[in-house]
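The values are calculated or read from the model by the stated rules, or taken from the named source; none is laboratory data. Just so it is clear, the structure is predicted and the values come from calculations on it, not from any experiment. Note that we place each Cβ from the backbone using ideal geometry, even for glycine, and neighbour counts take in every protein chain shown. With ligands, DNA and RNA removed, areas are computed over all heavy atoms of the protein, side chains included. Shrake-Rupley method; radii C 1.70, N 1.55, O 1.52, S 1.80 Å.
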Amino acid sequence: MENPFFSVIMPAYKVEKYIAKAIESVLNQSFENFELLVINDGSPDSSAELAKDYVSLDPRVKLLNKENGGLSDARNFGIKHAKGSYLYFMDSDDWIEGNLLEKIHDQIQINPVDIYVFGYYLDQEDDQGKLLQRQIMHAYNYKFDIGREKAPKLNSHFMGLLGYAWNKVYSKIFIDYYHLRFDKGISLVEDMLFNAIAYQKANALVMIEECFYHYISREVPTLIKSYHKDAFELILTKHRAIKPFLAKWGYSKTKIKQTMANNLVMGIQYCVNNLLYYKSDLTAAEKKKYINEILQHKETKKYIDYYQPATKSDQLYKKLIKYRLSSVLMYIKSWKKAA
């Protein structure tokens, strides 16, 4: 087999219900010069066995086994073993459109750059895999020569497109030259931490309006979810990571502060929901203390005035944060949970 043009890196851990559809969506690509690296991250279920069946059916599929080290570690393992000229990171419980690689290949022939960004579908499914709702998250058709052209319009939708790894294709030479890797042991914000460094190093990126990726949102009972005890620390890490590349891209100081504020408040909302809705051993007093620490943090105080509410609900949330009304915030969230 000739050297593959693309390396599709797919970490697998506890995805036996979904991995077959993910793999088949790759094998059904109209552009055929690729390798699919399935990284068995020490999965205790039958995910590896299912992937192994595809290895015997298609020589482009390779199963690589390693001890469990988390998503970031599995992706880094894939980077190390990838032979393709371009890298694509895909989650093994989602799936892709059949023309993804062909469309990116076409763009590479026209505009060879470091990073390609495309739109995606946010699909909500029930337990049986039936599609309940689909939200289309378009990108923009735009080539951005960083430092020489005006950056795209900065808003929450654009920041959302920039955050993930699975709606991007990266040049392998670019990744290797700067030795870009995902932070091992980091969860929740690992994609943006990786991308934030990539955006600082990149000379140009191409955005493609079309949607090729299906991110699947599945209902998981909150009783079996656990909260991230270090969630706010991770949110702050992401918060600080986005500033350097936004500055390099030429956005104004005010726009950067507004964007950082918007991202921080979204992170605070996640932390509060994560704390109040998911199972934990914390008492009500300990939960209130944790929320107070978030609301009184120097970064929260520094940026809350730059937050731009889009709805009346957002306006209320801003006031609760600004005036550090943790009891009211907990009451409202608990009331919504009960409703």
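Filter the cross-link list K62/K279; K80/K298; K255/K301 down to pairs whose alpha-carbon distance in this structure exceeds 28 Å.
Long pairs (Cα-Cα over 28 Å): K62/K279; K80/K298.
Would you please give the FRET efficiency between K150 and Q308, computed as 1/(1 + (r/R0)^6) with r the Cβ-Cβ distance and R0 = 22 Å, to the nearest 0.05?
Here the calculated transfer efficiency is 0.55.
Send over the semi-axes of segment 193-303's equivalent ellipsoid, whole angstrom and largest first, taken as the square roots of 5 times the C-alpha gyration tensor eigenvalues.
So the equivalent ellipsoid measures 30, 21, 11 Å along its semi-axes.
List, largest first, the extents of the alpha carbons of segment 7-78 along their principal axes, each in whole Å.
Ordered largest first, segment 7-78 gives principal extents of 32, 23, 17 Å.
For the pairs K14/K83; K14/K322; K289/K312; K130/K287; K172/K243, flag any whose C-alpha to C-alpha distance is greater than 32 Å.
Long pairs (Cα-Cα over 32 Å): K14/K322; K130/K287.
Only Lys, Arg, Asp and Glu count, each charged at its Cβ (+1, +1, -1, -1), so figure out the dipole size of the chain about its Cα centre, rounded to 20 debye.
That gives a dipole near 2200 debye.
Ignoring ligands, DNA and RNA, what percent of the accessible area of the chain is carbon or sulfur (1.4 Å)?
After summing per-atom areas, the C and S share lands at 50 percent.
Give me the tail of P(r) for segment 1-136 as a percent: Cα-Cα pairs with distance above 26 Å.
Roughly 23 percent, once rounded to a whole number.
Would you calculate, for the chain, the mean residue ellipticity at 222 nm contributed by helices, counting each DSSP H stretch of 4 or more residues as -39,500 (n - 2.57) and dividing by all residues, to the nearest 500?
So the helix-based figure for the chain works out to -14000 deg cm²/dmol.
Whole-Hz Karplus ³J(HN,Hα) for segment 100-111, in order, using 6.51 cos²θ - 1.76 cosθ + 1.60 and θ = phi - 60°, x for Gly and Pro?
Karplus values, whole Hz, x for Gly and Pro: 4, 5, 5, 5, 5, 4, 4, 5, 4, 5, 8, 10.
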